[in-house]
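Here the structure comes first, spelled out in structure tokens, and everything after it is commentary.
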Amino acid sequence: MTINKFSLQHKNAFHAKEIIFPVNVNIIHSDKNSTGKTTLLRAILYTLGFSVPNMELIRFEDYDFILDISRRNNQFSVKRKGNLLIISGQEFDLPVDQRAAHSFLFGINNGEILSNLLGTIYFDQEKG
């Protein structure tokens, strides 16, 4: 799966913030701590339908998130607003429909893998 673009908008903001990921980029880097790297990764996981706890100063429920991704030459638009997850126009009510949403999004039908999907996603944090 390739993340092409990520955007978020706070419920009280007039405009969204957007990050466009260049092709083949897989490093989120900053020379400083406390710049939002971990928050960005957690927000992406939240947008993908995972149950991610809020950060100390950020409530994910206060934001609308959009991810543009591609998987095996298929393009997907993933939108998350609270418990509503919309994947390319198909609506899922989280957490009830989480398994169906992940099956659709990741192209996986095996129930054991779907139940443990978050554990298969790997992030590494060298410092901080």
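The values are calculated or read from the model by the stated rules, or taken from the named source; none is laboratory data. This is a predicted model, so every value here is computed, not measured. Neighbour counts are summed over all protein chains in view; Cβ atoms, including those assigned to glycine, are modelled from backbone coordinates with ideal geometry.
To keep it simple, each residue is scored yes or no on (1) within 12 Å of the chain's Cα centre (by Cα); (2) at pLDDT 95 or above; (3) assigned to a helix (DSSP H, G or I).
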site	(1), (2), (3)
Y46	yes, yes, yes
V52	yes, no, no
E56	no, no, no
F65	yes, yes, no
S70	no, no, no
V78	yes, yes, no
L85	yes, yes, no
E91	no, yes, no
V96	no, yes, no
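Within the option set F14, F65, F6, being aromatic (F, W, Y), out of contact with any Ser or Thr (no Cβ under 6 Å at 6 or more places or on another chain) and in contact (Cβ under 8 Å) with a residue 40 or more places away in the chain holds for one residue only, F6.
Out of curiosity, is E61 out of contact with any helix residue (DSSP H, G or I) (no Cβ under 6 Å at 6 or more places or on another chain), among the charged types (D, E, K, R) and within 23 Å of D97 (Cβ to Cβ)?
Working: out of contact with any helix residue (DSSP H, G or I) (no Cβ under 6 Å at 6 or more places or on another chain): yes; among the charged types (D, E, K, R): yes; within 23 Å of D97 (Cβ to Cβ): yes.
Against the criterion (out of contact with any helix residue (DSSP H, G or I) (no Cβ under 6 Å at 6 or more places or on another chain), among the charged types (D, E, K, R) and within 23 Å of D97 (Cβ to Cβ)), E61 qualifies.
Summed over the stretch 107-125, residues that are surrounded by 12 or more Cβ atoms within 10 Å (Cβ to Cβ) and modelled with pLDDT of 90 or more total 3.
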